[in-house]
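Take a look at the structure set out below.
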Amino acid sequence: MKKKISFLLSVSALLIAGCATNQKATAQTTPSLKETFKNDFLIGTAMNTQQIEEKDPAADALIKQQFNAVTPENIMKAEIIQPGWDTYNFDLADKLVAYAQKNNIKVNAHTLIWHSQLPSFMRHMQSADSVKQYFEKHITTVASRYDGKVYSWDVVNEALNEDGTLRNSVFLRNLGDNYIVEAFRLAQKAAPNTLLYYNDYNIEQPKKRAGAIAIIKKIQAAGVRIDGVGIQGHWHMDNPPLQDIEQSIKEFSALGIKVAFTELDLSALPNPRGRANSADISNTAQYNEQANPYTKSFPDSAQQKLAKSYADIFNLFLKYKNNISRVTFWGVDDGQTWLNDFPVRGRTNHPLLFDRQYQPKPAFYSVIETKTKGSSAKAF
Ligand code: XIL
């Protein structure tokens, strides 16, 4: 009897040991994005509230293993961090900073001045004078609190129209067209140890790019610091705009600043008919079944298309690695992506490198291979 028990015990010990080795082997054999690109650029992800509160253990493991930069998806936006004139909500941002410090991750803070996700007290302001006071107080208070704790700020977000003119926002209407320079001036004063970026979507497109270049030159001409430009990178897996991206990297770098890709994702779902590719969060569309084809699975052919587009993009990034500071994905896994609800609510999108089970997709491996198997980037 005794013999039998000890035999069973050793068999189960062997089994447990076997399992542990297997698990270890799997963890060790999944390559790491941040390791793979460590000599090229930072690799980031957006973090949502659940992840910042460490309530998503599977995502947490991936963040620590794969990324060396994070951007808060929402919690540093004005409506959350300053909901009232004298009310600030720093808890989650403080938590994010502590998490990043503990895990040796850099924080890109997002964002100081943006026309969306503003607190209602601010949206209802009547006079230019109160908007000016809000503007100065918000930038100064928030940017100075995190100076030296975050790595970079998206100082101004999405100030441009598609044709390169300035968006008719509450800031433009009340402060005039110098408000972007002033935002950077205030940020520079409040956050002398933080890199300062202008961030926008579609600024790889020629007209909007020209608008961004004009903004950057104006900031520089005023003697104010701007360290980089963030191209959001909300594209589609069918047609990432490779030539425009390449041209943009060249033109922005020529201004003596870094280029970051700050919110990368490649939608796998049809764009509602007649709707231009836009990340404007107010520009939404109605649900219909045909526009939601991959609810049960994401077929092989689509996986391959996504993998090829990501490889094309990363080959280009590697070609210009000296000009690129960071590449950040807008989320860890397909379960959390904002594209499940934008521009149409309630769809099942598949734009990232990890699926809903937090497993690496073929696109993950195709990105890794751009580095490990050498670049095949075409010159355009
Ligand atoms: C999105 C978030 O992902 C969503 O959770 C939120 O509901 C709306 O905003 N450009 C930006 C980001 O700069 O802040 C936006 O993030 C996506 C478009």
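Which one is most open to solvent (accessible area, probe 1.4 Å), of the residues in the stretch 71-81 that are touching a residue at least 60 places away in the same chain (Cβ under 8 Å) and either more than 16 Å from the ligand (Cβ to nearest atom) or outside any helix (DSSP H, G or I) (or both)? Don't jump to the end; show me each part of the working.
Residues of the stretch 71-81 that are touching a residue at least 60 places away in the same chain (Cβ under 8 Å), as a first pass: 71, 73, 76, 78, 81.
Within this subset, residues satisfying the condition of being either more than 16 Å from the ligand (Cβ to nearest atom) or outside any helix (DSSP H, G or I) (or both) are 71, 73, 76.
Values: THR71: 2, GLU73: 18, MET76: 1 Å².
Here the residue is GLU73.
With respect to (1) more than 16 Å from the ligand (Cβ to nearest atom); (2) open to solvent by 50 Å² or more (accessible area, probe 1.4 Å), the lone exception for ILE213 is condition (2). Annotation: SER282 fulfils all but one of (1) open to solvent by 30 Å² or more (accessible area, probe 1.4 Å); (2) within 22 Å of ALA183 (Cβ to Cβ); (3) within 21 Å of the chain's Cα centre (by Cα); (4) away from the ligand (no atom under 14 Å from the Cβ); the unmet one is (4). Go through the residues of the stretch 306-317 one by one and say whether even a single one is out of contact with any Asp or Glu (no Cβ under 9 Å at 6 or more places or on another chain), aromatic (Phe, Trp, Tyr) and surrounded by fewer than 21 Cβ atoms within 10 Å (Cβ to Cβ). No, the stretch 306-317 contains no residue that is out of contact with any Asp or Glu (no Cβ under 9 Å at 6 or more places or on another chain), aromatic (Phe, Trp, Tyr) and surrounded by fewer than 21 Cβ atoms within 10 Å (Cβ to Cβ). Kindly indicate whether TYR151 is at pLDDT 95 or above and closer than 19 Å to GLU73 by Cα. In short, yes. Scanning the stretch 261-279 for residues that are open to solvent by 70 Å² or more (accessible area, probe 1.4 Å) and of a type in the set (D, E, K, R) turns up just one, ARG273. Consider GLU204 against the criteria (1) touching a residue at least 40 places away in the same chain (Cβ under 8 Å); (2) among the charged types (D, E, K, R); (3) out of contact with any strand residue (DSSP E or B) (no Cβ under 8 Å at 6 or more places or on another chain): it satisfies all of them except one. Which criterion is unmet? So the condition that GLU204 fails would be (3).
Just need a number here: residues in the stretch 91-105 that are under 17 Å from ILE75 (Cβ atoms) and away from the ligand (no atom under 16 Å from the Cβ). Don't jump to the end; show me each part of the working.
Step one: filter the stretch 91-105 for residues under 17 Å from ILE75 (Cβ atoms), giving 91-101, 105.
Within this subset, residues satisfying the condition of being away from the ligand (no atom under 16 Å from the Cβ) are 91, 94-95, 97-101, 105.
Final tally of qualifying residues: 9.
In the stretch 335-360, the residue that is most open to solvent (accessible area, probe 1.4 Å) out of those that are away from the ligand (no atom under 16 Å from the Cβ) and over 19 Å from the mean Cα position of the chain (by Cα) is GLN357. Condition (residue is among the basic types (Lys, Arg) and modelled with pLDDT of 95 or more) applied to the stretch 108-127: is it met by at least one residue? Taking every residue of the stretch 108-127 in turn, none turns out to be among the basic types (Lys, Arg) and modelled with pLDDT of 95 or more.
When the stretch 221-258 is filtered for residues that are within 16 Å of the ligand (Cβ to nearest atom) and either out of contact with any Phe, Trp or Tyr (no Cβ under 6 Å at 6 or more places or on another chain) or of a type in the set (Val, Ile, Thr) (or both), the ones remaining, listed by number, are VAL229, ILE231, TRP235, HIS236. In the stretch 104-124, of all residues being in a loop (DSSP other than H, G, I, E, B) and open to solvent by 40 Å² or more (accessible area, probe 1.4 Å), the one that is farthest from ASN68 (Cα to Cα) corresponds to HIS124.
Residue under question is ALA187, and the condition is that it be among the aliphatic types (A, V, I, L, M), away from the ligand (no atom under 16 Å from the Cβ), open to solvent by less than 50 Å² (accessible area, probe 1.4 Å) and out of contact with any His (no Cβ under 8 Å at 6 or more places or on another chain); does it hold? Spell out how you get there, then give the answer.
Numbers: among the aliphatic types (A, V, I, L, M): yes; away from the ligand (no atom under 16 Å from the Cβ): yes; open to solvent by less than 50 Å² (accessible area, probe 1.4 Å): yes; out of contact with any His (no Cβ under 8 Å at 6 or more places or on another chain): yes.
Criteria met by ALA187.
Remark: pairs (first residue in the stretch 91-102, within 13 Å of VAL70 (Cα to Cα) and in contact (Cβ under 8 Å) with a residue 24 or more places away in the chain; second residue open to solvent by 40 Å² or more (accessible area, probe 1.4 Å) and of a type in the set (A, V, I, L, M); Cβ separation under 9 Å; 6+ apart in sequence or on different chains) = ALA93/ILE80. Restricting attention to the stretch 32-49 and to residues that are within 16 Å of the ligand (Cβ to nearest atom) and open to solvent by 30 Å² or more (accessible area, probe 1.4 Å), the residue that is farthest from LYS106 (Cα to Cα) turns out to be THR49. If you check THR29, THR21 for being at pLDDT 80 or above, more than 23 Å from GLN101 (Cα to Cα), surrounded by fewer than 17 Cβ atoms within 10 Å (Cβ to Cβ) and not hydrophobic (A, V, I, L, M, F, W, C), only one passes: THR29.
Tell me yes or no: at least one residue of the stretch 50-63 is more than 16 Å from the ligand (Cβ to nearest atom), closer than 19 Å to ARG326 by Cβ, open to solvent by 10 Å² or more (accessible area, probe 1.4 Å) and not in a strand (DSSP E or B). Scanning the stretch 50-63, I find at least one residue that is more than 16 Å from the ligand (Cβ to nearest atom), closer than 19 Å to ARG326 by Cβ, open to solvent by 10 Å² or more (accessible area, probe 1.4 Å) and not in a strand (DSSP E or B), so the answer is yes.
Total residues in the stretch 152-177 satisfying the condition of being outside any helix (DSSP H, G or I) and either in contact with a Lys or Arg (Cβ under 8 Å, 6 or more places away or on another chain) or of a type in the set (Phe, Trp, Tyr) (or both): the figure is 9.
The values are calculated or read from the model by the stated rules, or taken from the named source; none is laboratory data. Treat the numbers as computed from the prediction; the structure is a model and nothing was measured. Quick reminder, even Gly has a Cβ in these numbers, built from the backbone with ideal geometry, and neighbours come from all protein chains shown. We work out accessible area using only protein heavy atoms, side chains counted, and drop any ligands, DNA or RNA first. Shrake-Rupley method; radii C 1.70, N 1.55, O 1.52, S 1.80 Å.
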